Amino acid sequence: MFAGDPSGSNTYSDSIQGLKFSVNFAWTLLSAFLVFNMQAGFTFLGAGFVQKKNTLNYLAMSFVDFCIGALIFWLFGFALMFGGSKLAPGLLCGNSFIGYSGFLLLGDSYDVHTSVLWMFQIMFAATACTIVTGAVAERFKFHAHVIYSIFLCGVLYPVFGHWMWGKGWLQTLPFGVGARDFAGSGVVHGMGGLIAFVAAWIVGPRFGKYNPDGSPNVIHGHNLVYIVIGTLTLIFGWFGFNAGSTLAVTELRVSIIAVNTFLSAASGAVTLLYFSYFMTKKSDIIMACNGALAGCVAITASGAYVPHWAAIVIGLIASLITRLSLYFIESKLKIDDPVGAISVHGANGLWGLLSVGIFSDGTYGGVRGIIAGSCWQLLAQFIACVTLIAWCFAVGLLFFFVLKRLLGLRVPVNVERSGIDPYEHGTSCYPGS
Amino acid sequence: MFAGDPSGSNTYSDSIQGLKFSVNFAWTLLSAFLVFNMQAGFTFLGAGFVQKKNTLNYLAMSFVDFCIGALIFWLFGFALMFGGSKLAPGLLCGNSFIGYSGFLLLGDSYDVHTSVLWMFQIMFAATACTIVTGAVAERFKFHAHVIYSIFLCGVLYPVFGHWMWGKGWLQTLPFGVGARDFAGSGVVHGMGGLIAFVAAWIVGPRFGKYNPDGSPNVIHGHNLVYIVIGTLTLIFGWFGFNAGSTLAVTELRVSIIAVNTFLSAASGAVTLLYFSYFMTKKSDIIMACNGALAGCVAITASGAYVPHWAAIVIGLIASLITRLSLYFIESKLKIDDPVGAISVHGANGLWGLLSVGIFSDGTYGGVRGIIAGSCWQLLAQFIACVTLIAWCFAVGLLFFFVLKRLLGLRVPVNVERSGIDPYEHGTSCYPGS
Amino acid sequence: MFAGDPSGSNTYSDSIQGLKFSVNFAWTLLSAFLVFNMQAGFTFLGAGFVQKKNTLNYLAMSFVDFCIGALIFWLFGFALMFGGSKLAPGLLCGNSFIGYSGFLLLGDSYDVHTSVLWMFQIMFAATACTIVTGAVAERFKFHAHVIYSIFLCGVLYPVFGHWMWGKGWLQTLPFGVGARDFAGSGVVHGMGGLIAFVAAWIVGPRFGKYNPDGSPNVIHGHNLVYIVIGTLTLIFGWFGFNAGSTLAVTELRVSIIAVNTFLSAASGAVTLLYFSYFMTKKSDIIMACNGALAGCVAITASGAYVPHWAAIVIGLIASLITRLSLYFIESKLKIDDPVGAISVHGANGLWGLLSVGIFSDGTYGGVRGIIAGSCWQLLAQFIACVTLIAWCFAVGLLFFFVLKRLLGLRVPVNVERSGIDPYEHGTSCYPGS
């Protein structure tokens, strides 16, 4: 590997090594494109879950957050996260807590290797960022959301990401092989879901969500086609998310990872469909979608390390956790999460982290969980969970508290009742009707 | 190739052979992801073709069938289909009629090669399964559809698939090179379309489809944007379906296959557009979509073996077959197929099989059709057609007959009239409106 | 490279060279599939921008144009464009102005290399063709559009494309390295946008677009979800469009290209969002989408040659050009472009061409712009711009003028007022409602 080779002509040669670079570039870039397409999935999903009068606001938040995020991640987020990881040229400087090289992809980091890593990683940051959008939909101020996006992509996400993926202290814990979060159950989905919890809590429930006696009302979305299509589009992208996270198709384990992702999603969907059916005698397709996504979230950390049967068990448990969490968040904690992001991404982000310590069979990456006879890995995973919760709550609460004081988080109540779209965005989402 | 290498580290090495595995893994997995995305295509297509009041029911059936199917295919479908094929480790046991190894992807079949094959193949089983959904839409019971999905993915599809793709008796017929169905005109689309025929026939037409004098009424779908987008999404996935079916991009023929797929789709679309235009003086875009899909179905068997001009002829004939079949099924046989699955997938599945015996030019796989001077291949293809029809009708009729007796296939007529969505799924698809 | 190898078995061998072909085939084909999926993006985008009563007409035009285009490009468009380029077998004959070999992909051009090139290139021709659809929507005759598609894919596009990409006179200009348009800012988007200008001008504005005093009215689209999803789908495809245009992932520069595409899109979106906000105090998400697409268009020519910071500057300028052009086209020139194709694709196609001459840093392909100390490249780019404008206006005007005389371009005014869909296509787009 050569430092600072922006043309790739010093890196590539007609040789085994050159072709290895090429095939791994193709794999990682195409996977990154698939992960980008998850933005379309989130857009469909969220648009389906919200009311017609606030759809454009959701679209705007979910579109703009990744645009802002990309610029911030280029400016400094990437440098904080991967500085010192030595994963590519120009990423030499950093310590166990923070990185500090690779800013603006200048100097040695103007390199074909560094750009391929950046391309893959920005899509993950964008995913974490967008997860929160659904939980605060239908009452959050657009500009508050923009500022949140800058903070998440610039500070919250990269710092924790550095600990786990940038040769930080979690990755190098002296238990098992150190904490492992293969494709980001915790780093991406756990963080997104936990910050969603904090944000939805501080901004408060939508007008009319709770009755005076505290019982919740159902506020229906407006288009369930979008929800199903969004789920399918997310699974499509998730194959890139998980199998692409090897960053190399010369790691043939990718096939096991892809199959695990699919089986966990299928298992989660079927479990939650029938669990709901036995409760309500209705075949709730939205619950099936939630179950599929829950399975995807949970297998994201462990998909590389576990056998296929375990993927099915992990998805099954994930879907039950989701159902329990949906009930607990809505009815007990009285936090209003229109799309279920806290339960799908947050709760299963943590479950995914723990599942590494339970089901890893030792066939890949040296990761051995309880079924392979070791409890140490579970300890490392548990520490990662606690750290993630502490980080998200401490810094997240502080951030949203300050933002609430400085700018305010909510649109005025009359705007919320009549619809945010004309107020913030100048038109409705369906102007003709 | 090593038996049972779940990490891939024994299989891969920094060598020509290792890289060959890598590039073919990348190709096959990315193609599988594209084929998965066809589920979104079918969801759009079917949702557009059905009435608003039954849309959620269609979504539920088309989503859940592949989830259930994945679990069944993992449990035993894959083992029945590929056991004995020796295409990957752990698939040693089987005979010409049935396979019996690879259950649960355990033992030697916990291997990177076997998982890549499973990942590609489950997407094909899921496609076959989903094709039927549209034909029985708007009156089929959800739970009957779930049981059907288990039966198709677990028995119907794998057994015939074994005969054609798992070193079974059709593949080894002593005529030509044996029956060939490159990417599954017959195995996937023919079976889906023929089972759709059986299911739609037994369940009977929708209430109001036929007048007392037997003449059919048009029951409009509710969103033609979805139909066009669904068609485009299906074509997008079909490139993976067909070109990916080499399972190897080291077979450079993939480029010919991709071009043939596109040309056949284009030819089918243009032909059916203008054929309709000369009949009705309207430019019927839905017919153009049907023509494109018909072209895709027909070229699926033969795309690898024929020259480009033949792809255009095959698509042209496919679209005319579709138009004729649509008329015949609806007006003569009085079978109600809301999305045209029988005509697009069934009729052209058979035409695709036959086209191999006519247009194969001998440049690939040794397959020589009539234009290359041999009639034997056509005989093998004809036997495959007859076998497929006999298998689907015999076993399909028996299955749906038993299911009708045990559980019933149709929702109550008052539910059908008012809409299945609230009854089966507890809500409408567009709750806000 | 062997001439006329339709099986690929003479071309491929288990060697470095064979694998290089394979990995580059995989890259180029998968990129072509992504570019094909941009058709879904344009379909969503345009469907969202038009009124409900004309949606089906838009769908029909945007679907059929690429089907017709594929057949024409196979018959002779490809031969005119790449004959003489020697980029693949069977493309020997041609001069600086026109190619004349590769017709029908017969003879030596029945080859795996030629088909991979054809597959990639038809998607670009289809994109250019579809761009025009939006600008003439809601009043253009369907059959006039079909004839236009034949002309564009058969003559207009291939001839200019030959000059730039088929070893034609622009590519070999004696200034800098000759004119360069890496992935087609000019060839594809500039041509699409300029022809859109000519077509929208000649066909005239929609009924009701302009008041008697010449001031424009806003004619709202009908579904802004489609617009945002369309934009995301287009960006997804654009990664293939730009990074795939190396035709080889052994050019590791692909990663820089992908990152540049994303940064330019993000920069364009954020710039136009806030520019609009400071003008109107509304966060106009449609403007953000326009900005993202403008950034994509502009970086299409230069993405391979410029550093990351320049991609951000190029996107920023592109979005401002778009805003200015939208105003100028609508209010000064009084040309009615329902989707903004002229401003997004046309204006930025030219800006993209010029940006190569300014920001190329000399790290790739020997292209050195002003920031690398050379003004000659900018001269070559300027000549390409002038040529493109002259070609599109001269031939485009002549073509649409003749077509107007022979067939007429517009539907009758009463049809335009009541909706084109039932008149041309026999049904409305949303039959149920």
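The values are calculated or read from the model by the stated rules, or taken from the named source; none is laboratory data. Here the structure is a predicted model, which is why all the values come from computation and not from measurement. Here the Cβ is made from the backbone with ideal geometry for all residues, glycine too, and neighbour counts use every protein chain on show. Heads up: the accessible areas ignore ligands, DNA and RNA and are worked out on the full protein's heavy atoms, side chains in. Shrake-Rupley method; radii C 1.70, N 1.55, O 1.52, S 1.80 Å.
Backbone geometry of segment A:363-371 corresponds, through the Karplus equation with coefficients 6.51, -1.76 and 1.60 at θ = phi - 60°, to 3J(HN,Hα) couplings of 7, 9, x, x, 8, 10, x, 4, 5 Hz, x marking Gly and Pro. The P(r) of segment A:90-233 has a tail past 21 Å containing 57 percent of all C-alpha pairs.
According to the calculation over all Cα-Cα pairs in segment C:18-420, the P(r) per 10 Å bin from zero is 5, 24, 35, 25, 9, 1, 0 %. Using a probe of 1.4 angstrom and keeping all protein chains present, the accessible surface of the protein assembly as shown works out to 27 square angstrom per residue.
Distant-in-sequence amide contacts of B:R410, defined by a placed amide H-H separation under 5 Å and a gap of 5 or more residues or a different chain, comprise B:K141.
Rg and Dmax, both from the Cα atoms of segment C:162-214 and both in Å, are 17.4, 51. For the protein assembly as shown, the dipole from Cβ point charges (+1 on Lys and Arg, -1 on Asp and Glu) about the Cα centre works out to 2000 debye, to the nearest 20. All C-alpha pair distances within segment A:316-388, sorted into 5 Å bins from zero, spread as 3, 17, 21, 18, 17, 11, 7, 5, 1 percent across the bins.
Taking a span of 27 Å or more along the helix axis (Cα atoms) and a mean Kyte-Doolittle hydropathy of at least 0.0 as the rule, the DSSP H helices of chain C that qualify are C:16-49, C:112-135, C:224-243, C:254-280, C:308-327, C:376-406. Ligands, DNA and RNA left out, the 1.4 Å accessible surface of segment C:18-420 is 69% carbon and sulfur atoms. For A:K332, the label point sits 7 Å beyond Cα toward Cβ; its separations from the matching points on the remaining copies run 6.5, 6.5 nm, from shortest to longest. Each listed q (0.21, 0.29 Å⁻¹) maps to a log10 I(q)/I(0) for segment C:372-433, found by the Debye formula over equal Cα scatterers with no solvent: -0.89, -1.09.
In chain A, taking the dipole from charged Cβ atoms about the Cα centre, the farthest positive-side position among A:Q17, A:I358, A:P216 is held by A:P216. For the segment C:61-70, counting C-beta atoms of other chains within 10 Å of every residue's C-beta and taking the mean gives 6.
Between B:L397 and C:I389, the modelled labels are 7.3 nm apart [label points 7 Å from Cα along Cα→Cβ].
For C:Q17 and C:M279, the difference between the fully extended length at 0.36 nm per residue and the C-alpha to C-alpha distance is 88.6 nm. Counted over all Cα-Cα pairs of the protein assembly as shown, pairs farther apart than 64 Å make up 3 percent.
Each other copy holds its own label point for A:N414; taking that point as 7 Å from Cα along Cα to Cβ, the gaps run 4.7, 4.7 nm, nearest first. Based on every Cα atom in segment C:248-405, Rg and the maximum pairwise Cα distance Dmax equal 16.8, 51 Å. For chain B, modelled as a GNM whose springs connect Cα atoms under 10 angstrom apart, the maximal fluctuation among B:V395, B:V306, B:V356 occurs at B:V395. In this structure, C:S418 and C:N217 have a Cβ-Cβ separation that, at R0 = 30 Å, corresponds to a calculated FRET efficiency of about 0.95. The amide H of C:R368, built 1.01 Å from its N in the peptide plane, has C:V177 as neighbours under 5 Å, considering only residues 5 or more places off or on other chains.
When A:G214 is represented by a point 7 angstrom out along its Cα-to-C-beta vector, the spacings to that point in the other copies are 6.8, 6.8 nm, nearest first. For segment C:31-96, the fraction of C-alpha pairs farther apart than 13 angstrom is 71 percent.
Once the gyration tensor of the Cα atoms in segment C:206-286 is diagonalised, the equivalent ellipsoid follows with semi-axes of 35, 16, 12 Å, ordered largest first. Working from Cα pairs under 8 Å separated by at least six residues, relative contact order for chain A is 21 percent. Note on chain C: lysine pairs with Cα distance below 27 Å, sequence gap of 8 or more or different chains, count 27. Estimated from the Cβ-Cβ distance and a Förster radius of 25 angstrom, the FRET efficiency linking A:A3 and C:I370 is about 0.40. Rounded to the nearest 20 debye, the dipole magnitude of segment A:323-433 is 300 debye, with +1 charges on Lys and Arg beta carbons, -1 on Asp and Glu beta carbons, and the Cα centre as origin.
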